[in-house]
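Taking it in order: structure first as structure tokens, then the write-up.
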Amino acid sequence: ATPAQVFASLTMAHQPLRGVAFPQLARQHGSVDESARYLFEVYWVCLCSGKTPKEFLRHTWKRELDRGHDKQQLLIEVTAMINAKYNQEHEAFLNHFWPVVRGLVDGICCWKFVIDEASVKHCVNILDPEGVGRSVKICGMQVADPLAKLAGLGEEGVARARFQIVALANFSWRPNPHAAGQVAQGKILRRAPSVQRIAFTVLNHVFSALTLYLTAIAVRFGAQLLSVRVLLSMVHGLAQLMWCTEDVDFRYFAIWSLKLGVTWALLLFAGVYRNVMLPRLPMLTVRLHKDCIRRGLIHERDWRNVWDVLEEFA
């Protein structure tokens, strides 16, 4: 079975991944290139669905590493293949436009997207704070879940909202375990963050997450909103034609037809745009999580590093 068939069967049946032996993935691979190609196909199937099922990726990595291949070499080759696929999809999307506007589209709404090895391996880690018991709750209820469900920005929106709420909690009231030890030893004094630091941290996080959320909004709602616009335009035009008792100016229908045609073109553009940008969403989420770690907003105990122990993963 192909990675797409295995992933689809698990998704359609809602089969729990924990404890699954994945017999469908059994095959004979003799080289690192073949294993890297298979891993790339698994990644790309997951990315095109807009999510990265962690256990599915971990089990696939585990099976390939059990064949004796070097993990770092596989990682480098898989990353190169994913970047090549991103570039291929990017170029194919730009080819829909005239050369005059291609540079404008490239710079504004569909830029070249490149990831690194750290993002590929971070996909297998447990980023959801609930998985390590660090999510923020009030009266036993998740704070982030209602916000994520109201936003409706995809299945990974819940985990994305949870680790950002944890980042806010770490910055606001949760102690940093490293700093707490220094405070206890009297090496540093615990101080409340200044107004300047709060403003800088919030703005920095907004700019870090801006690309992710603009992409998610365009992917999730762009085509739907344009579809509603097309429907309303058609209903309005037909209503004017059928129930208007006075003579309707021909110019009205000419303008109406032009607007409808433009909206249809934008709707087709939104469909193609969604196919290009949807595989980027999981990697943008991973990139935001890494950025929160780099800035000290997410601590080591707020997520679980599975990549370093993949060989022992069961």
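The values are calculated or read from the model by the stated rules, or taken from the named source; none is laboratory data. Computed from a prediction, not measured in an experiment: that's the story for all the values here. Don't worry about glycine lacking a Cβ; one is built from the backbone with ideal geometry, like all the others, and counts go over all protein chains shown. Ligands, DNA and RNA are stripped out before the accessible areas are found, and what is left, the full protein with its side chains, is counted by its heavy atoms. Shrake-Rupley method; radii C 1.70, N 1.55, O 1.52, S 1.80 Å.
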Original post:
Between Val132 and Glu91, what length in nm is gained on full extension when 0.36 nm per residue of separation is reduced by their alpha carbon distance?
Top reply: 10.7 nm
Original post:
According to a simple spin-label model (label point 7 Å from Cα along Cα-to-Cβ), what is the distance in nm between Leu268 and Arg301?
Top reply: 5.7
Original post:
By a straight-distance test (C-alpha under 28 Å), which lysines pair with Lys54 as possible cross-link partners, with residues fewer than eight away in the same chain excluded?
Top reply: Lys62, Lys71, Lys85, Lys112, Lys121, Lys137, Lys149, Lys290
Original post:
So, with a 1.4 angstrom probe, what is the percent of accessible area on the range 204-314 that is carbon and sulfur?
Top reply: 68
**OP:** Can you work out the PRE-style zone for Phe200? Point 7 Å along Cα to Cβ, and I want the residues of the range 269-302 with backbone N under 19 Å.
**Re:** 291-298
**OP:** For Leu168, tell me the accessible area in Å² from a 1.4 Å probe, rounded to the nearest 10.
**Re:** 90
**OP:** Estimate the FRET efficiency between Trp243 and Asp116 by the formula 1/(1 + (r/R0)^6), using the beta-carbon distance for r and 45 Å for R0, to the nearest 0.05.
**Re:** 0.15
Original post:
When ligands, DNA and RNA are left out and all protein chains stay put, how many square angstrom of accessible area per residue does the range 118-172 have with a 1.4 Å probe?
Top reply: 43
**OP:** Quote the FRET efficiency, to the nearest 0.05, computed for Ile217 versus Arg37 with a Förster distance R0 of 45 Å and r equal to the Cβ-Cβ distance.
**Re:** 0.85
Original post:
Which order do Arg294, Arg301 take by accessible area at a 1.4 Å probe, largest first?
Top reply: Arg294, Arg301
**OP:** Using a 1.4 Å probe and counting only protein heavy atoms, arrange Glu312, Glu64, Glu300, Glu55 so the residue with the most accessible area comes first.
**Re:** Glu300, Glu312, Glu55, Glu64
Original post:
Label-point separation (nm) for Ile255 and Val309, each offset 7 Å from Cα along Cα-to-Cβ?
Top reply: 6.8
Original post:
For the range 203-314, with every protein chain kept in place, what is the accessible area per residue (1.4 Å probe, Å²)?
Top reply: 60
**OP:** Using only the C-alpha atoms of the range 42-161, find the volume of their convex hull and express it per residue in Å³.
**Re:** 136
